[in-house]
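> The structure under discussion is supplied below as structure tokens; questions concerning it will follow.
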Amino acid sequence: MTKKHTQNPPKLLMSHVFYVASTDRSLEYENCITNGTMLHNVLRVMIPNAPKLRHVCLQTGHKHYNGSFECLSKPHDPPFHECLPRLKLLNFYYKLEDVLFEEVGKKKGLTWSVHRPGIIFGFSPNSSEYSEN
């Protein structure tokens, strides 16, 4: 942002945010820090500067129930019911939810939802995995 925008940021016109971004680090605690910071930065700018913002949707996945890939060999009882507590394991999805709850709570009337699909079919021809470069 320019100095002008920092002092008086432009008003954003969106009413809904659908957040699905993530980055993968080698250790789960690094995933927690990096991904939590990314979502925090987005919401910290959007919530106060989007007067029409009504809903923030966070998409995570089934690792919420099973734990991170680092924990696959560790025994645990998966919380397959929403009323059960989180696993006592590091999981960047938990960090994302905590950031979401904290930031959304700063704006009265702003709602949120979390979607945790187990699998998503399809591909993006522009993603790095499919790129020829």
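> If you go through region 12-53, how many residues are closer than 13 Å to Val99 by Cβ and assigned to a loop (DSSP other than H, G, I, E, B)?
Counting residues in region 12-53 that are closer than 13 Å to Val99 by Cβ and assigned to a loop (DSSP other than H, G, I, E, B) gives 2.
> Which count do you get for residues in region 2-27 that are modelled with pLDDT under 90, surrounded by 12 or more Cβ atoms within 10 Å (Cβ to Cβ) and either more than 18 Å from Arg54 (Cα to Cα) or acidic (Asp, Glu) (or both)?
Final tally of qualifying residues: 2.
The values are calculated or read from the model by the stated rules, or taken from the named source; none is laboratory data. Computed from a prediction, not measured in an experiment: that's the story for all the values here. Because the Cβ atoms are built from the backbone with ideal geometry, glycine has one as well, and the counts that use them run over all protein chains shown.
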